[in-house]
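This report refers to the structure that appears directly beneath it.
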Amino acid sequence: MVAIALGLGFGLSWYALTDGRYFGAAQIGPWAAWPRAGLPSPDPYTRAYLARTGALQLGAAEGVQFVATTDSDGQPLDRNCRYRIDGTTPISSFWTMVPVAPDGTLIAPVNGPTHFESARLARAKDGSVQAYIGKPVSPLNWLEITGEGAFQIELTLYDTTAFTGAAAATTLPAIIREGCA
């Protein structure tokens, strides 16, 4: 009984700190964010997440960062695949989208662009974004990545109304796997 109780307790704690969707993280499609990370007094799960990752967080009034480790179908992001980022972002003054390794290091080529940003991106007539991340050359907005293995995409919204009383983030771009090498 004691072993089961300890296993269950430690298992749920590990889950709360790594996935956290039910314990403080907000999940919108493949994107996850910790909206209370920038508050002066975050909840205990958010505080533990911040301690575990050691990441510098934006203040609540500055913005919010979403991280995707899977595509919209739930498959892990793989550097040998090409992905189309398709859709709209919540209202914000500015946003960036950066593909990084699981440890947070950049995976773009040394002499190439490292990220997408809202101010320098071709858009559809309705304002939506269609961008590609992958090794093969792609049309329109394309960001090359290097290496092998898993990666994640960080979408940072600056000066946004997401998760405020004025509005809630309800839609974020879909991440669609178009093919793998």
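All conditions but one from (1) in contact with a Ser or Thr (Cβ under 6 Å, 6 or more places away or on another chain); (2) over 15 Å from Ala68 (Cβ atoms) apply to Ile175; the one that does not is (2). If I ask for residues that are among the hydrophobic types (A, V, I, L, M, F, W, C), surrounded by 13 or more Cβ atoms within 10 Å (Cβ to Cβ) and modelled with pLDDT under 90, which ones from the range 100-128 would you list? The answer is Leu121, and nothing else.
Which of the residues spanning the range 86-119 are touching a residue at least 12 places away in the same chain (Cβ under 8 Å) and of a type in the set (S, T, N, Q)? Within the range 86-119, Thr88, Thr89, Ser92, Ser93, Thr96, Thr114, Ser118 qualify.
The values are calculated or read from the model by the stated rules, or taken from the named source; none is laboratory data. The structure presented is a predicted model; accordingly, all values stated were derived computationally and were not measured. FYI the Cβ positions are ideal-geometry reconstructions off the backbone, even for glycines, and counts take in every protein chain you see.
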